[in-house]
Every structure is written in C-alpha cells, then in structure tokens.
C-alpha cells in the first residue's frame with residue numbers, strides 16, 4: 001500500500017537536501033554546502049516526531065477490498081483447520097455419530113429488560129429429533145446458550161455450529177466470521193471487547209488493527225466455550241455481567257455460550273440472550289445401538305449396564321460412552337463389578353482407558369490411529385507419561401489454558417521461587433557468554449592480545465558473565481518485563497530502511513569533514529537506530545502449524561536483526577575508517593566491521609527475539625531438570641497425541657476432553673512447598 005504522510009514528506013525533503021549536498025560537493029565545492037547536509041539530518045530526525053498517518057491514500061478501493069477478503073478467507077481457513085478438522089473430526093466418538101437430543105430452556109436466559117424468557121404455563125420444549133443446531137441458532141435470533149452435563153457434547157455441538165456457519169461464510173461474504181474462544185482465559189473486570197482483541201492477537205496471531213476492526217464492526221460470530229472453566233463462581237458471575245455489557249454495546253454480534261448446567265444454574269446472574277438449549281442424555285436405545293455397532297467385544301459392558309445404575313448414568317453422555325467402549329473392550333463381567341459412587345466409577349473408567357492406550361491397538365479399537373509401533377515409543381515409559389501429563393494438566397488448569405502452546409510457557413510454571421531465581425541467573429549467564437565473545441573479539445582484534453591466551457579468555461568470560469547478570473537483573477526488575485514474549489511477526493520495510501541508510505551513509509561522509517569523532521559516532525548510532533526501528537512493520541494474518549513455532553520465529557527474527565542492525569553500523573564505521581584512517585587507531589575497515597557487527601548486532605538481536613529464545617531454553621532446561629517435562633517436549637506431546645490423550649490443534653495441543661484433563665490433574669496433587 002502506497003500512502004503519503006507528513007513523515008514521508010519530510011524524509012523525501014531530507015533526501016533531496018543530501019542530493020543537493022552531494023551535487024554541490026562534486027560540481028561546486030566552493031559553495032561549501034555543509035548546511036544542506038546538516039539541514040537534511042535535522043529534517044530526518046524531525047520526521048520521526050510527526051504523524052505517520054496517511055494524508056491521502058493512493059490505494060484503490062479494489063486493492064483494499066482484496067486485502068480484506070484475503071484476511072477473511074485466511075481466518076475462515078484457520079478456524080476450520082484448528083477446530084473443525086483437528087478437534088471435531090478427530091473426536092473420540094467420531095466413528096459412530098450419535099444424534100443428541102435438545103431441550104429448549106427459556107427459563108435460564110433474560111431478555112434486554114432483564115426478564116426471564118420463561119412464560120407461565122409454557123414448559124420447556126423438547127425439540128424434534130434431528131433438529132440441527134444451526135437451525136436452532138437461527139430460530140433463536142443468533143444468540144444462544146448451550147448447556148449440558150460434563151461430557152454431554154456441548155463443545156461438539158458448538159463446533160458443529162462452527163462447521164455450518166463457516167460453510168455459510170465461505171459461500172456468502174455477508175455472513176460473519178465464526179471464531180471459537182475459550183472463556184477460561186478471561187480475567188476479572190476485563191471488558192469482553194478488550195479480551196476478544198487480546199485473544200485474536202495471542203491465540204490466532206491477528207494484527208491488532210485487524211482484530212480491533214473486526215470486533216468493533218461486529219464482523220465476528222462469537223463461539224464462547226467453557227464459561228464453567230472460569231476459575232470460581234464469583235468470577236463466573238463477573239464474566240456473565242461482562243458478556244451482558246458486551247451484548248448491550250454490540251447487539252448485532254451473533255454470540256453462543258457453552259456452560260455446564262450445574263455451574264450455570266448456580267449463578268445468580270443470567271445471560272442476556274434470546275434462547276437456550278440443554279443437551280439431553282442419551283436414551284437407552286441410543287446406547288444399545290452404539291454398543292451394537294462397536295462389536296461383540298463389548299457384551300460384558302452391555303450386560304453390566306442393565307444391573308449397574310451408576311455405570312448406566314455415565315453411559316448416557318456421549319464422551320463417557322465412547323471412553324467405555326475403549327476402556328472396557330474385551331473385559332469380563334467380573335472385571336466390571338459395581339462401584340459405590342459415580343466418581344469412583346468415572347475414575348475406574350479413566351484408569352482402564354489410560355492403561356489401554358499403552359497397549360498395542362487396532363484400527364477398530366481406536367479410530368484414526370495406525371497399528372504401526374512408533375520408533376520413539378520406548379523413549380517414554382508409562383510412569384513418565386502419566387507424571388508429565390499430570391503436571392501439564394495441573395498447569396493448564398491453574399493458568400486457564402485450553403490449548404497448550406509450548407512457547408507460551410512462563411517462569412511462573414516453575415513450582416518454586418528458588419527455581420525461578422536459578423532460571424534468571426541462567427538466562428543472565430547465557431547472555432553474558434555472548435557478551436564475553438564480544439569482549440574477546442575486542443581484546444584480540446582491537447588491542448592485539450594473543451588469540452587463545454588463558455588470561456584473555458578468562459577475563460572475557462568473567463566480564464561477560466558479570467555484565468550479563470547485571471543486564472538480566474535490571475531487566476527483570478524493570479517495567480519492561482512481562483514474561484517470555486517471543487517476537488513472532490517482526491518484518492522490515494526495506495524501502496524505509498534503504499531511505500534511512502542512504503541518509504546515514506551521507507552523514508558518515510559528512511563526518512569526514514568534522515573534527516569531532518564523538519559527533520560522528522553519535523550521528524551514526526542515532527541514524528542507524530532510526531533506520532532499523534523505522535523499518536519494523538507488523539505482518540498480516542499468520543497461521544501456526546508447527547509446535548513451538550513462536551520460538552522458532554523469534555530465533556529467526558533475532559538473527560535477522562543481528563545481521564541487519566550489526567551490518568549497517570559495522571559498514572558505516574568501516575566506511576569512516578576507509579575514508580579517514582587517521583581518525584582511528586584500528587587496523588583496518590574489516591576489523592572495525594567485525595567488532596561493530598557483534599557489538600551492536602548482539603543487543604539488537606537480543607532485544608528483537610533473542611532474549612525470549614534464551615529465556616525459553618532456560619525454562620525448558622529447568623523443567624527437565626525438575627522432572628516436570630521432558631527435554632524434547634514436541635516428541636513427547638506427539639507421542640501423547642498418538643496415545644489419544646491429547647489432540648494436535650494447529651501448533652498446539654489440547655486434551656481430548658476436559659474430563660480427561662481433570663482426571664490427570666487429580667492423579668498427582670502438588671507436593672507441599674511447590
């Protein structure tokens with residue numbers, strides 16, 4: 001997009017003044033045009049204090065519309081791949097489609113006047129069998145609450161609605177973009193508008209401007225899952241009020257909320273929506289038909305269901321029925337003796353499910369999983385797998401995460417304060433070793449000390465470690481520290497950088513006629529800082545498909561910043577040395593270039609992604625040494641996904657169901673002092 005702003009106008013004027021300076025220097029040196037070069041430098045600096053907002057856009061409406069269409073299609077594809085293909089179509093009961101019954105619940109929602117929609121003498125209505133959730137959504141004014149017991153299929157129903165509405169949006173641009181959010185990450189007193197923008201940025205990697213426009217202009221269809229996953233009853237009440245406030249300000253935005261029935265009915269506030277449905281338990285006929293289709297190996301389960309009311313009650317939810325068919329396949333009636341409580345029976349089911357997942361499996365037993373033994377199965381024992389999944393489940397619950405992204409782990413995931421301090425020291429040491437390399441280069445190339453002299457190496461390492469600790473401690477105590485924040489969408493605008501570099505090069509040439517080397521260096525550093533940071537731009541919508549991709553991108557951006565920033569300053573100082581060798585006591589332009597490359601490129605690389613990579617590496621090492629996670633986390637998570645404990649969602653992982661997450665989280669309570 002080409003646009004004209006006051007900043008661009010001033011930069012063009014600065015370049016024009018420098019061209020005048022060069023021309024006069026060559027053809028009319030008697031005019032002494034130094035003033036033109038100085039004026040250009042002043043105008044360049046001033047340009048960064050004025051607005052960069054376009055005065056007039058030269059971009060056609062057709063181009064703008066094309067970009068918006070691209071963003072829309074990209075987002076639809078992202079949601080479809082992440083939630084429909086990776087979650088819905090890979091669900092545990094995907095082999096046998098169970099038609100879920102729906103009951104309209106007008107007594108649990110309010111209208112805009114705060115009045116319950118249940119009318120006297122009008123009981124809740126059971127919807128006709130085969131009613132599609134998208135038809136219910138349309139009938140109830142495109143604002144809907146979906147309720148049900150744990151494992152009843154609420155999220156499945158929500159994702160079914162996502163599938164239908166995505167297809168609509170792909171066919172007709174008038175339909176809004178369906179986006180799935182999980183309310184577990186909502187925090188007290190945060191307006192839903194701000195939370196939605198943050199979620200679009202952090203979970204879907206949408207540029208802030210695009211995210212804000214979509215929310216502000218009511219261009220999204222909001223699918224809000226997990227109201228019951230908000231950490232406490234008080235916070236759920238606050239979340240309901242925040243959603244209602246959002247509805248009053250954005251009444252045109254379609255919205256669906258999912259919540260467990262028990263948690264929602266315990267609230268005193270009600271959602272201001274136009275309709276609600278409750279998922280009905282499976283009927284005895286549906287349970288029998290499902291088991292019949294799964295084969296004769298479940299004969300003992302069918303027989304036990306008739307005499308065990310607790311087991312039958314659990315079997316009336318699609319998730320537990322699906323897990324039973326996996327956990328109890330091939331068992332005898334003796335193995336399925338009745339248990340006293342529903343919690344004990346649920347734990348027995350999950351115990352057997354987990355045990356079964358470690359055994360060789362067939363296509364018929366586990367959908368979508370190959371019989372082939374993976375070559376890395378032997379890397380992770382059953383005990384390690386259960387321990388690491390238990391730790392992961394507890395941390396995800398504590399931090400309100402539904403999708404686990406490796407790069408989103410923070411130092412707060414370490415169980416003790418001492419470990420967090422050790423991590424800080426470790427990060428400072430890694431940074432210090434890099435600065436020690438710079439010190440070594442200066443001592444060897446600048447001063448001329450022996451290359452591998454022990455005292456030179458020791459002094460370089462010690463000075464670097466001290467500097468690294470000081471820098472890291474200062475950073476941790478400053479307001480800039482907000483956890484590990486990878487730089488994932490860094491891009492450089494090369495036209496802007498080339499323009500700035502031209503100016504810096506001219507300043508370098510100008511400096512050859514100045515007597516003050518300090519002024520020369522000040523101009524160079526200032527100009528090149530401006531050049532690089534002026535060229536930083538935010539990328540468009542990006543899709544995350546590779547685990548830990550955020551850290552990989554951050555490392556790439558750090559290397560990019562190191563090369564660009566260090567090379568520019570190194571080249572400028574090398575140019576000065578070549579033009580006026582008597583102003584420095586160095587050995588030559590190459591030595592100057594190498595030293596300045598590392599001395600200035602290293603801080604830039606650390607600031608633009610490198611520090612986040614080092615922090616992430618230190619955190620991973622600490623978790624591995626503490627026994628909380630394996631060192632090769634990606635291979636382990638892929639292994640767990642192959643055992644049907646997790647599902648891979650884009651570049652992240654999700655437990656196959658929240659009930660399974662709660663099961664693992666309950667296996668190993670935190671030790672005292674953690």
Of (1) under 18 Å from the mean Cα position of the chain (by Cα); (2) farther than 20 Å from residue 271 by Cα, residue 181 satisfies every one except (2)
Scanning the stretch 390-413 residue by residue, the ones that are buried (at least 18 other Cβ atoms within 10 Å of the Cβ), in contact with a strand residue (DSSP E or B) (Cβ under 9 Å, 6 or more places away or on another chain) and not in a helix (DSSP H, G or I) total 5
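Name the residue, out of 602, 631, that is within 30 Å of the chain's Cα centre (by Cα), at pLDDT 90 or above and within 17 Å of residue 441 (Cα to Cα).
Among 602, 631, only 602 is within 30 Å of the chain's Cα centre (by Cα), at pLDDT 90 or above and within 17 Å of residue 441 (Cα to Cα).
Take residue 438 and decide whether it is surrounded by 17 or more Cβ atoms within 10 Å (Cβ to Cβ) and in a helix (DSSP H, G or I).
Numbers: surrounded by 17 or more Cβ atoms within 10 Å (Cβ to Cβ): yes; in a helix (DSSP H, G or I): yes.
In short, yes.
To keep it simple, each residue is scored yes or no on (1) under 30 Å from residue 145 (Cβ atoms); (2) surrounded by fewer than 20 Cβ atoms within 10 Å (Cβ to Cβ); (3) in contact (Cβ under 8 Å) with a residue 12 or more places away in the chain.
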| site | (1), (2), (3) |
| --- | --- |
| 271 | yes, no, yes |
| 280 | yes, yes, yes |
| 285 | yes, yes, no |
| 300 | no, yes, yes |
| 320 | yes, no, yes |
| 332 | no, yes, yes |
- Query: Residues in the stretch 190-201: is at least one without any contact (Cβ under 8 Å) to a residue 60 or more places away in the chain and either closer than 21 Å to residue 266 by Cβ or part of a loop (DSSP other than H, G, I, E, B) (or both)?
  - Reply: yes
Scanning the stretch 133-147 for residues that are more than 13 Å from residue 271 (Cβ to Cβ) and touching a helix residue (DSSP H, G or I) at 6+ places or on another chain (Cβ under 7 Å) gives 133, 134, 137
Picking from 343, 335, 376, 351, the residue that is at pLDDT 85 or above, in contact with a helix residue (DSSP H, G or I) (Cβ under 9 Å, 6 or more places away or on another chain) and not assigned by TED's automatic domain parsing to the domain that holds residue 133 would be 351
* Asked: Being part of a helix (DSSP H, G or I) and more than 13 Å from residue 76 (Cα to Cα), is that true of even one residue in the stretch 176-184?
  -> yes
Considering residues that are surrounded by fewer than 19 Cβ atoms within 10 Å (Cβ to Cβ), free of Cβ contacts under 8 Å to residues at least 40 places away in the same chain and within 27 Å of residue 655 (Cβ to Cβ), the number found within the stretch 287-298 is 1
Of the candidates 259, 239, the one satisfying the condition of being in a strand (DSSP E or B), in contact with a helix residue (DSSP H, G or I) (Cβ under 8 Å, 6 or more places away or on another chain) and surrounded by 21 or more Cβ atoms within 10 Å (Cβ to Cβ) is 259
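The values are calculated or read from the model by the stated rules, or taken from the named source; none is laboratory data. Keep in mind it's a predicted model, so treat the numbers as computed, not measured. Neighbour counts run over all protein chains shown; Cβ positions are idealised from the backbone, glycine included.
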